[in-house]
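Structure first, commentary second.
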Amino acid sequence: MPLTPPVIASPPSSARLLVCCKVYVSEGRNQVVLDRLAEVARTASPGLCALVQRFTDAVYHRSNFTLGGPPGPVLEVALRVIDEALENLDMTLHSDATHPRVGAVDHVSFHPLGSTPLEAARNVAIVLGQRVGEKWPVPVLMYGACSSRSLAEVRRSTSYFKGLALDSEIPHADFGPTRIDPKLGLLCCGAVPYVQNYNIRLKTSEKAVAARVTRAVRSKDGGPEGVEALTLRHDRGFMEVACNLLDLSKTGPEKVLEIVKEAARENGVEVEEAYTIGLTGQEILEETERLLREEGDKSRVRM
């Protein structure tokens, strides 16, 4: 049954809704393009939508831009960033990347901030998926609160886990065409409670060894609740256990690191480094409010 895009209404100021949007692009080395995307994100709607964080990993050849603000302005700025990325990126030239991907704009995720209900993030995600599919020859696959499928399930239905070659067609797209433009790829878009990215680099270049460590922490392989994990090659050829922590109240970085260290010892390797990618959901909320407040103060001074 096709998704029906909701109308995005502005709530009264006493019930202000705030969401976070992360736009992931398959580019981690062209600083001219990345700077342009950041400039669009920062200036498209000052005082209404804030660029909270920008993160780039050159080895993974991947970047993300974290936006925060009320749903309507965040939607419009995310679409501007997506337009700029699709106009300037070419998947046929995207090589030597160790992180899986399926599109030039590979993934867009929406998350409620503070007391904002998940429905607000779901509504804006569906509208974004529809508008991208209408404007660009890009199939859009929805997940999370927008679908019956998780992000992992959606990715398993594509070439994401099968190597760098893209599918030529995606018959189960929620929006957009079914044929895949090799320059643009497809887009996964959804809404879920905030997800924390947490990576642990191992002192080994042997993927089979690192994969055994990864299985120890991955939920679907018997690991702790709320952990998705991949084994990826990173800096100096060392392998990383790249985790999505779906519910920090159930499993946080400390527990994941403890399990990975034990599994690493059992497999004769050591942990080199563990690091969180990006801010926590609470930090994003606080930074969003600070940036919007500062921009509002500047606007009042200029009046």
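Numbers below:
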read-out	value
1.4 Å probe accessible area per residue over the chain, in Å²	45
Calculated from backbone phi, Karplus (6.51, -1.76, 1.60) coupling profile of segment 283-289 in Hz, x at Gly/Pro	5, 5, 4, 5, 5, 4, 4
Point-charge dipole on Cβ atoms (K/R +1, D/E -1) for the chain, about Cα centre, debye to 20	180
Listed pairs LYS162/LYS183; LYS162/LYS255; LYS203/LYS250; LYS22/LYS250; LYS22/LYS261 exceeding 21 Å between Cα atoms	LYS162/LYS255; LYS203/LYS250; LYS22/LYS250; LYS22/LYS261
Relative contact order (%) - the chain, alpha-carbon pairs under 8 angstrom, separation at least six	19
Mean Cα-pair separation over length for segment 193-262, i.e. relative contact order, pairs under 8 Å, 6 or more apart, %	38
Sorted peptide list for 123-132, 153-162, criterion being average Cβ within 10 angstrom, highest first	123-132, 153-162
Apportionment of accessible area to carbon and sulfur, the chain, percent (1.4 Å)	51
Nonlocal amide H pairs with MET142, under 5 Å, H built at 1.01 Å	ASP174, CYS189
Charge dipole magnitude, Cβ of K and R +1, D and E -1 - segment 152-303, Cα centre, debye nearest 20	360
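The values are calculated or read from the model by the stated rules, or taken from the named source; none is laboratory data. None of these values were measured; they are calculated from a predicted model. Because the Cβ atoms are built from the backbone with ideal geometry, glycine has one as well, and the counts that use them run over all protein chains shown. These accessible areas exclude ligands, DNA and RNA; they are computed on the full protein's heavy atoms, side chains included. Shrake-Rupley method; radii C 1.70, N 1.55, O 1.52, S 1.80 Å.
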